[in-house]
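Please treat every number below as a calculation from the coordinates, not as lab data. Keep in mind it's a predicted model, so treat the numbers as computed, not measured. Ideal geometry is used to build each Cβ from the backbone, glycine not excepted, and the neighbour counts take in all protein chains shown.
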Amino acid sequence: MATKQSVSRRGFLGGAAASLGYLGINPTPLRAERSRAWRGSAFLEQESDEYDAMAKLNFNENPYGPSEPVLEAMTMAFKYSMRYGYPDGGVLSAIAEHHGVPQENVMLGAGSGEILEVVGLTYLEHGKKVVGVEPSYGAVYRHASGIDAEAITLPLMDDYRQSIPALIDATKKHYRDVGFVYLCNPNNPTGRTVSAAEVQQLLDGIPEDVPVLIDEAYHHFVEDPEYATSIPHVLEGRPVIVTRTFSKLFGMAAMRLGFAIATPEIIEKMRPYSTGSINALVKWGAVAALQDTEAQERVRRVTLELRKQTAAELESMGYGVIPSETNFFMMHTGRHVREVQQDFRARGVRVGRAFPPMLNHLRVSIGTEDEMRRFMVAFKDIFPARTTAGSTRG
Ligand SMILES: Cc1ncc(COP(=O)(O)O)c(C=O)c1O
């Protein structure tokens, strides 16, 4: 497999900036622009009525939000909103116990996004690079370019899975320059998993001191029996950082809580880069959310059912859907995703953005039953039914 070295800002700034990056020249003003543009895009000022009315299938959120016991716990915690030092419900020990690790192995972040940035700040000093596939959760590569680091990105395989031999080769080849390896499992935006055996193969195949960041944001939705969490590798003492979030299954994206599980040495190395600024409400909410296994199971079941139903309907119309293990899926539409996004938006449905180089694929998050119905109505209006069987390629 061809290994391409690129700065991940390519999609954002276009070919010219990418060429400069390729030559090792960092276009600083453009980088700042990129950073502002990106942060702004997620938090655009917008009319709340318009926002509320849209079917929101663009950010892989949980459309049901926190369960009743979680809302109660957060409401109770309002009484601490004017405090700094307040009881936090034992959130750190609750997370540690839930995952079978000591507390020293856990670090909280304002969303797992903060942890991903902290890993970058910790391990990408002095021109170090992150190795990973593209497309993947691009924030990791964007953050790297924002701090003058680069990404060595590898293409996905034909079945949209991540090639472990290619990741091993690239890491070995650039060993001295590699700050860490990024493995999103399951991968966003494709929804495909890396098996437990492949994770083992990766860890055994790269030099043992190279840290591996394993992003398990969508862990809870996986059904594939070959997949397993990588937390046991942390307990073996490997330089593995597993990240998780309360934004997906637990429905608290706007409350901002995620965490890392890593060895105490790695946690201590990363700690100076973390803000440690977690709000009181989400700390109490998270403890209640971990206990509410009934709500977790309900969200998981409905989400997976709706994903399978929607995918089957699209396939029956002749459109190829990439098999997913998450609360979203990717399909081949044969049209540039930017135009497709606009067509959906005009029909009150927000769908996923472009994920270069998969520009003719569309990522669709699983919303409520009503949102998925609205998606299908809009889809049938925009795309004709085909007579040929669906392919995930053009
Ligand atoms: C793979 C992956 N990792 C991390 C995140 C960040 O999530 P959060 O910062 O809300 O925990 C996301 C968000 O969509 C994601 O898809």
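Here is how the numbers come out for the structure above:
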| quantity | calculated |
| --- | --- |
| Other-chain or far-sequence residues with amide H under 5 Å of Asn60's (modelled H) | Ser365 |
| Long-range HN-HN contacts of Val178 with modeled amide H, under 5 Å | Lys129 |
| Lys, Arg +1 and Asp, Glu -1 on Cβ, resulting dipole of the chain about Cα centre, debye, nearest 20 | 1160 |
| Under-5 Å amide H pairs with Gly390, H placed in peptide plane, nonlocal only | Gly318, Tyr319 |
| Packing-based exposure ordering (other Cβ within 10 Å, fewest first) of Tyr141, Tyr86 | Tyr86, Tyr141 |
| Segment 165-286 - convex hull of the alpha-carbon atoms, volume per residue in Å³ | 127 |
| From phi via Karplus (6.51, -1.76, 1.60), per-residue ³J(HN,Hα) for segment 238-244 in Hz, x at Gly/Pro | 6, x, 10, 10, 9, 10, 9 |
| Length added when fully stretched, Glu369-Ala389, from 0.36 nm per residue minus Cα-Cα | 4.6 nm |
| 3J(HN,Hα) from dihedral phi, segment 117-134, Karplus parametrisation 6.51/-1.76/1.60, rounded to Hz, x for glycine, proline | 5, 4, 4, x, 5, 6, 10, 10, 6, 6, x, 6, 10, 9, 10, x, 9, 9 |
| Computed FRET value (nearest 0.05) for Arg345 with Glu208, which takes r as the C-beta separation and R₀ as 51 Å | 0.60 |
| Given Lys56/Lys308; Lys308/Lys380; Lys248/Lys308; Lys283/Lys308; Lys172/Lys269, the pairs whose alpha carbons are separated by over 26 Å | Lys283/Lys308 |
| Percent of beta bridges antiparallel (DSSP, the chain, rounded to nearest 5) | 45 |
| Residue-by-residue Karplus 3J(HN,Hα) for segment 336-341, coefficients 6.51, -1.76, 1.60, Hz, glycine and proline x | 4, 4, 5, 5, 4, 4 |
| Reachable aspartates and glutamates from Lys129, criterion Cα separation under 13 angstrom, eight or more residues apart if same chain | Asp148, Glu150, Asp177 |
| Estimated [θ] at 222 nm from DSSP helical runs (n ≥ 4, -39500 (n - 2.57)) normalised by residues in the chain, nearest 500 | -12500 deg cm²/dmol |
